[in-house]
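Presented below is the structure to which this report refers.
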Amino acid sequence: MNVKLRVWRQASTKVEGCFEEYEARDLNPNMSFLEMLDVVNEDLTLSGKEPIAFEHDCREGICGSCSLMIDGEPHGPENKVASCQTYMRSFQDGDVITVEPFRSRAFPVLRDLIIDRSSFDRIIQRGGFISVSTGSAPDANAILVSKDSADTAMDAAACIGCGACVAACKNSSAMLFVSAKAAHLNSLPQGRTEKMSVS
Ligand code: FES
């Protein structure tokens, strides 16, 4: 399949960006969106042009670093998956796909599609962690955790901190991220000893 891309290019935080168009040809529909960008970048590199900067790490939907706004939706058309788990089979041959960084004043664009999400680090530093030592695994197991508490904590811990809640919100609110970080350790007995401490 072939698609046309409109990609946001921006050399740094200090300069204005703009959309540039690229052709992505001979794609396998089972490629991930990031693998499609790899193909485009290979072509750009071979023709002596600057490749598109985008962030990624695990490519397994775990780390939350691959934050892309695809056709105006955080992570694209698939439901509840990160950009690295979005596949080209979700698009039609000949589609024009717009790719941008997540837009928020809290997430300045560092380069092209890469944003600075250190505002999330500052939120975690304010209280999204505990410092109690849970000891080795047998010690941790000695503290009983109810099924309900474990399920609540696990649900909150499923937040991978990708920033999609900020990108999707008109107010750029990070309330889903904040509530997940505040709840995941607070729901467990190990975290309750520091429940009231916020730096
Ligand atoms: S690269 Fe880790 S979630 Fe996409």
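Only a single item in (1) part of a helix (DSSP H, G or I); (2) within 30 Å of C66 (Cβ to Cβ); (3) touching a Pro at 6+ places or on another chain (Cβ under 9 Å) is not met by S149, and it is number (2).
I need the full set of residues from the stretch 166-185 which are in a helix (DSSP H, G or I) and touching a residue at least 24 places away in the same chain (Cβ under 8 Å), in order please. Within the stretch 166-185, V166, A167, A168, F177, V178, A180, K181, A182, A183, H184, L185 qualify. Please verify whether K49 is among the basic types (K, R) and more than 13 Å from C162 (Cβ to Cβ), treating the condition exactly as stated. Spelling it out, K49 is indeed among the basic types (K, R) and more than 13 Å from C162 (Cβ to Cβ). Scanning the stretch 162-183 for residues being within 17 Å of L68 (Cα to Cα) and charged (D, E, K, R) gives a total of 1. Consider the stretch 99-122 and keep the residues that are surrounded by 14 or more Cβ atoms within 10 Å (Cβ to Cβ) and of a type in the set (S, T, N, Q). The one that is nearest to N28 (Cα to Cα) is S104.
Looking at this structure, is L5 touching a helix residue (DSSP H, G or I) at 6+ places or on another chain (Cβ under 7 Å), away from the ligand (no atom under 15 Å from the Cβ), of a type in the set (A, V, I, L, M, F, W, C) and assigned to a loop (DSSP other than H, G, I, E, B)? No; evaluated as a whole, the condition is false for this residue.
Between V132, V96, V81, which is over 20 Å from K170 (Cα atoms), touching a Leu at 6+ places or on another chain (Cβ under 9 Å) and not charged (D, E, K, R)?
V96
Which residues, taken from the stretch 48-89, are surrounded by fewer than 21 Cβ atoms within 10 Å (Cβ to Cβ), within 15 Å of the ligand (Cβ to nearest atom) and part of a helix (DSSP H, G or I)? Across the stretch 48-89, the qualifying residue is only Q85.
Residues in the stretch 23-40 that are surrounded by fewer than 18 Cβ atoms within 10 Å (Cβ to Cβ) and not β-branched (V, I, T): 9 in all.
We did not get these values from a lab; they are worked out from the coordinates using the rules stated. Keep in mind that what you see is a predicted model, and the values were worked out from it rather than measured. Note that each Cβ is placed from the backbone with ideal geometry, even for glycine, and that neighbours are counted across all protein chains shown.
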